[in-house]
Amino acid sequence: MSFSIEKVAKDYVYRRFTRASTAEKEKIINDWVNKINDSQALVEDFKDRVGNPAGKKILDVGSGSGGVSIAFVLAGANMTGIDIEKELYEIAKLHAENCKVKVNFFLYDGNKLPFSDNTFDYAVSVSVLEHTTSPENYLSEILRVVKLGGKCYLAFPNKFWPKETHTGIWGLTYSPAFMRSIIIKILRKNPLEENNLHFYTYFDLMRMIKTVKTGEFSWYLIPEQGKAKSGIKKIIKDLLSIFGLSYKVFLSHVLVILEKRS
């Protein structure tokens, strides 16, 4: 039986998210279908910010349908993907087999990663943190299994961004928590609890990092000023830095590189 990621995505999404709008469902399906190609840009950005993934042991923490892991394997990485949902775990394995690449996929309970300390050179987490029940534990476990000096490429939607990225609702994250479910119901969008969706800012992440430790080890945020070398963007970044603010506070997604240090 031939494997079609589009057919698999449609079947999964329409069963899994019964209360989501058609637009939401199609967005998820298109994301699955285009994930490998779209992740080529992610891999290139990873090379610039973290290092060459070729030959490195990398953990994809929240691998979903497997597209990101597959893209990294195509760039020469030794990939391990892990997720908490059994169906996604099975889909990811079939997806990798269909692409004729080797990824070691694992299923876990969302609490303790089933790996020894200091196993991986790098970790990658893209649009996963907002779905975790305990982001501090999530970051702590990644810290534990990454080698000393290893790095984590971490990205998640910014709560400060006007348009919420999952539902597409403008101003949703600015609303009081008790109002969000009402707004979503009125607009017939997927309930937040069905996707275990939470909202975080750059400042929230900074607070998390300060509390996350594994023995003598902790995360160190690698300072970045972005790629703009001139023009209005550089001026804005320089002005923000005067007040001790990162330009990432105002982007649609918070993207940071964390390094394990003692």
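Here, each number is a calculation from the coordinates, and none is a lab measurement. Worth saying up front: this structure is predicted, and the values here are computed from it rather than measured. Positions of Cβ are generated from backbone atoms using ideal geometry, with glycine treated the same way; all protein chains shown enter the neighbour counts.
A few remarks follow.
- Modelled label positions at Asn137 and Leu74, each set 7 Å beyond Cα in the direction of Cβ, lie 3.5 nm from each other.
- In summary, the convex hull built on the alpha carbon positions of the chain has an orientation-averaged projected area of 14.7 nm².
- Ranked list, fewest to most other Cβ atoms within 10 Å of each Cβ, for Arg180, Arg19: Arg19, Arg180
- Estimated FRET transfer efficiency (Glu97, Ala54; beta-carbon r; R0 25 Å; 0.05): 0.70
- Along the axis of the charge dipole computed for the chain (Cβ charges of +1 for Lys and Arg, -1 for Asp and Glu, origin at the Cα centre), the listed residues Ile186, Ser65, Ile5 are led at the positive end by Ile186.
- Three-way shape call for region 116-239 based on the alpha-carbon gyration tensor, with the a/c threshold at 1.5: oblate
- Peptide packing: for 69-79, 161-171, the average count of neighbouring Cβ atoms within 10 Å per residue gives the ranking 69-79, 161-171, highest mean first.
- Taken as Cα centroids, region 154-193 and region 32-52 sit 27 Å apart, rounded to the nearest whole angstrom.
- For the set Lys35/Lys159; Lys213/Lys234; Lys47/Lys234; Lys7/Lys27; Lys159/Lys210, the pairs lying more than 26 angstrom apart at their alpha carbons are Lys213/Lys234.
- Charge tally around Pro157: other residues with Cβ under 9 Å, Lys/Arg +1 each, Asp/Glu -1 each, net -1.
- Relative contact order of region 108-248, pairs being alpha-carbon contacts under 8 Å that are 6 or more residues apart, as %: 22 percent
- With neighbour counts taken as other beta-carbon atoms within 10 Å, the residues His198, His95, His131 rank, fewest first, as His198, His131, His95.
- Helical mean residue ellipticity (222 nm; -39500 (n - 2.57) per DSSP H run of 4+; nearest 500) of the chain: -12500 deg cm²/dmol
- Rounded to 5, percent antiparallel among DSSP beta bridges of the chain: 40 percent
- Fewest neighbouring Cβ atoms within 10 Å first, the residues Ser65, Ser134 line up as Ser134, Ser65.
- Computed extension gain for Ala177 through Asp31, at 0.36 nm per residue and net of the alpha carbon distance, reaches 49.8 nm.
- For region 5-261: relative contact order, % (alpha-carbon pairs under 8 angstrom, 6 or more apart): 18 percent
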